[in-house]
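Some notes on the structure that comes next.
Read the figures in this text as sums done on the coordinates, not as results from a lab. Note that the coordinates shown come from a computational prediction; the quantities given were computed from them, not determined experimentally. So basically every Cβ, Gly included, is an ideal-geometry build from the backbone, and we count neighbours across all protein chains shown.
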Amino acid sequence: MNKKCVGCGVHLQTENKNKKGYTVSLDKDYCMRCFRWNHYKDFSLGQECIKKEDIISKLNQNSGLTFFFIDFLNLHEEAIRDYEKIKNPKMLVITKLDTIPKSIYLEKIRMWLKDVWQIEKVIFLKKNSNTSQKKIETCISEMRVKTVYFAGITNAGKSTFLNSFFQNAKLTVSEMPNTTLDFLKMKMGDITIYDTPGIPYSQFALDPKFIQKVNLEGEMKPKNYPLKKEASLVIEDKIRISFSIDNNITFFGSNYLQLKKIYEKNLSLLNLNKLELFVKNNSNLYIKGLGFFYIKKASNVNIYGVSQDQISVVSSFLGESEWKYE
Ligand SMILES: Nc1nc2c(ncn2[C@@H]2O[C@H](COP(=O)(O)OP(=O)(O)OP(=O)(O)O)[C@@H](O)[C@H]2O)c(=O)[nH]1
Ligand SMILES: [Mg+2]
């Protein structure tokens with residue numbers, strides 16, 4: 001029997017408890033992992049690692065329209081480069097609109113995407129919103145396509161959106177990466193719609209408790225710090241960051257994260273992995289999966305506690321954009 005879990009798309013099996021898709025009986029609709037994630041938020045079972053190349057190549061093997069989801073806090077270069085790899089007609093969807101501070105004009109983000117990345121087709125969405133659903137419906141009917149993929153980076157809200165789009169959908173959603181494990185087919189009249197596994201990226205932390213803390217609910221409140229060159233900022237006793245000149249920086253991320261200023265004499269976290277980098281005027285320094293710093297003045301930066309692949313620096317949509325990408 002070739003039955004799929006209605007939550008994550010994996011093939012159900014009853015033979016091996018330790019392999020994905022396990023269920024006690026094939027009469028069940030969900031695999032054990034989805035059952036435990038949904039009912040108990042028990043993430044100990046089966047955090048799977050999905051290869052981004054496999055997802056992208058599967059998306060490119062088939063034709064159709066791809067909605068590529070990236071959540072507002074992850075508009076970093078790695079995510080945008082993955083969007084660029086999609087060869088079919090595509091639309092960039094920036095999600096978690098409810099979390100974007102009201103002080104940010106969406107038009108600025110649109111202009112930045114157009115000027116810096118040459119991306120013109122963009123939709124902003126938030127969960128449980130009729131307006132958001134209408135935007136997607138309009139786009140599908142205007143493009144006159146018969147196959148539609150909801151793809152994009154992991155945790156951007158693809159399955160959450162589809163659960164409200166299809167009232168009978170029972171997709172598993174969670175704040176953990178790679179909740180959806182395989183392509184899941186749904187029908188809207190004669191149009192076929194797929195939920196797809198999220199594209200993983202080099203996320204800062206994978207510990208479930210920390211991820212739940214980082215997960216955003218409601219509008220985020222940017223935290224502004226005038227920072228003397230002798231001072232450092234510490235996030236959650238995990239990351240330490242300092243600048244070579246007096247600078248003005250703003251952190252965008254979960255309101256629940258603790259940030260504190262410390263001074264030179266405080267030696268905490270200096271034993272962790274150190275990265276030294278240079279950032280230009282008006283840059284966003286992303287700590288992927290956590291948030292980003294808006295940095296006003298060009299400066300050397302020392303950052304402890306992260307690895308190179310977990311950070312990304314791009315020109316910011318908040319200031320005047322000064323750089324271009326090829
Ligand atoms: N604040 C906010 N949170 C959202 C929104 N959409 C989704 N989320 C949350 O984001 C997390 C991830 O949602 P999912 O729907 O599982 O994301 P996904 O893109 O399907 O993730 P993968 O299956 O791992 O690729 C969950 O905690 C959701 O509650 C939104 O519009 N606003
Ligand atoms: Mg999903």
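Things to note:
- Förster radius 45 Å - calculated FRET efficiency between residue 190 and residue 272, Cβ distance, rounded to 0.05: 0.25
- Alpha-carbon radius of gyration plus Dmax, which is the widest Cα pair, for region 166-269 in Å: 20.0, 66
- Cα principal axis extents for region 93-158, largest first, Å: 37, 28, 23
- Alpha-carbon centroid distance for the pair region 226-296 / region 1-64, whole angstrom: 38 Å
- If R0 equals 25 Å, the separation of the Cβ atoms of residue 130 and residue 27 corresponds to a calculated FRET efficiency of about 0.10.
- Taking 97, 206, 171 in turn, the Gaussian network model of the chain (Cα-Cα springs below 10 Å) assigns the largest fluctuation to 206.
- Summarising the label geometry, the points placed 7 Å from Cα in the beta-carbon direction at residue 42 and residue 308 lie 4.1 nm from one another.
- Normalised by the number of residues in the chain, the mean separation of alpha-carbon contacts (under 8 Å, six or more apart) gives a relative contact order of 16 percent.
- Cut-off 15 Å, label 7 Å out along Cα→Cβ of residue 265, residues of region 214-249 by amide N: 230-232
- Counted residue by residue at 0.36 nm each, then reduced by the alpha carbon distance between them, the extension gain from residue 11 to residue 219 reaches 71.1 nm.
- Helix-derived mean residue ellipticity, 222 nm - over the chain, DSSP H n ≥ 4, -39500 (n - 2.57), to 500: -6000 deg cm²/dmol
- nm² value of the averaged projected area, convex hull over the Cα atoms of region 210-315: 6.1 nm²
- Between helix 130-143 and the chain: long-axis angle, C-alpha atoms, 0 to 90°, nearest 10: 70 degrees
- Ellipsoid semi-axes for the chain, based on the Cα gyration tensor and the rule √(5λ), read 36, 24, 16 Å when sorted largest first.
- For residue 87, the lysines whose Cα falls under 19 Å of its own Cα, not counting residues fewer than eight places away in the same chain, are 51, 52, 58, 114, 121, 146.
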